[in-house]
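Worksheet for the structure shown next.
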Amino acid sequence: MKLAIKTLCSYGYDFIGMDHFAKPNDELTLAQKNGTLHRNFQGYTTQGGCDLLGLGVSSISAIGNSYSQNIKELKNYYRAIDTQQHALTQGVLLTRDDIIRGEVIRELMCNLFLDKNTINETYQINFDDYFSDDISLLDTFINDDLVVNTRDSISVKPKARLLIRIICVSFDAYMKKHVNQQRFSRVI
């Protein structure tokens, strides 16, 4: 993977994050450089906070503070359209905690930086108190000189870009239930 990144970068691509590359003058690269890059369930984007309406079999929508998915089988999809006038099969309404954690994870994934004070002001919380159990999960990354956690911010060092998903699991209430923290140390 490291060789692939070096190869793409030698051809003039910038590493945006995880497995995404873009040319230096691409809007994604420019958005990352000025701190306005966003991410949704489809990937990186310059358009943050947009509603996404999924059309077709198995498509996913993100509207307001909810996610929903259409029926996955074509025959059942058409039947639902004909009888119900929609093909939604499941959905979830995001909690306040989901929204806060989503923003924290997006900021780290997109910009490798999180301003704790912005989160404090936006959600009327004390970041370090609210995430007291989660912050300790960063210790492995801090000890390996991959993440810096200060009173005002969390920053991910460039050399840790490939580990950003694993770092962000520290703040993901759902993923932490399924992943053993010890496994992170072995990955690093």
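Brief remarks on what is shown
Okay, residues lined up against (1) at pLDDT 85 or above; (2) on the phi > 0 side of the Ramachandran plot; (3) of a type outside the set (Lys, Arg); (4) not in a strand (DSSP E or B):
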| position | (1), (2), (3), (4) |
| --- | --- |
| LEU8 | no, no, yes, yes |
| LEU28 | no, no, yes, yes |
| GLN32 | no, no, yes, yes |
| GLN47 | no, no, yes, yes |
| CYS50 | yes, no, yes, yes |
| SER61 | yes, no, yes, no |
| TYR67 | yes, no, yes, no |
| ASN76 | yes, no, yes, yes |
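- Residue check for ARG165: modelled with pLDDT under 95, surrounded by 13 or more Cβ atoms within 10 Å (Cβ to Cβ), closer than 23 Å to ILE100 by Cβ and assigned by TED's automatic domain parsing to the domain that holds ILE105: yes
- LEU137 closer than 19 Å to LEU37 by Cβ and surrounded by 14 or more Cβ atoms within 10 Å (Cβ to Cβ): no
- Residue check, GLY48 surrounded by fewer than 18 Cβ atoms within 10 Å (Cβ to Cβ), within 21 Å of ARG165 (Cβ to Cβ) and out of contact with any Ser or Thr (no Cβ under 9 Å at 6 or more places or on another chain): no
- Residues that are of a type outside the set (D, E, K, R) and in contact with a Gly (Cβ under 9 Å, 6 or more places away or on another chain) within segment 32-63 comprise GLN32, THR36, LEU37, HIS38, ASN40, TYR44, ILE60, SER61, ALA62, listed in sequence order.
- Segment 67-109, subset touching a Lys or Arg at 6+ places or on another chain (Cβ under 8 Å) and closer than 16 Å to GLY49 by Cβ, residue surrounded by the most Cβ atoms within 10 Å (Cβ to Cβ): MET109
- Selection status of LEU112, at pLDDT below 95, in contact with a strand residue (DSSP E or B) (Cβ under 6 Å, 6 or more places away or on another chain) and surrounded by 13 or more Cβ atoms within 10 Å (Cβ to Cβ): yes
- Strands (runs of 3 or more DSSP E) completely within segment 80-153 that count 2 or more residues being within 29 Å of GLN42 (Cβ to Cβ) and not assigned by TED's automatic domain parsing to the domain that holds MET175: 88-93
The values are calculated or read from the model by the stated rules, or taken from the named source; none is laboratory data. Predicted, not measured: the structure shown is a model, and the values here were computed from it. Quick reminder, even Gly has a Cβ in these numbers, built from the backbone with ideal geometry, and neighbours come from all protein chains shown.
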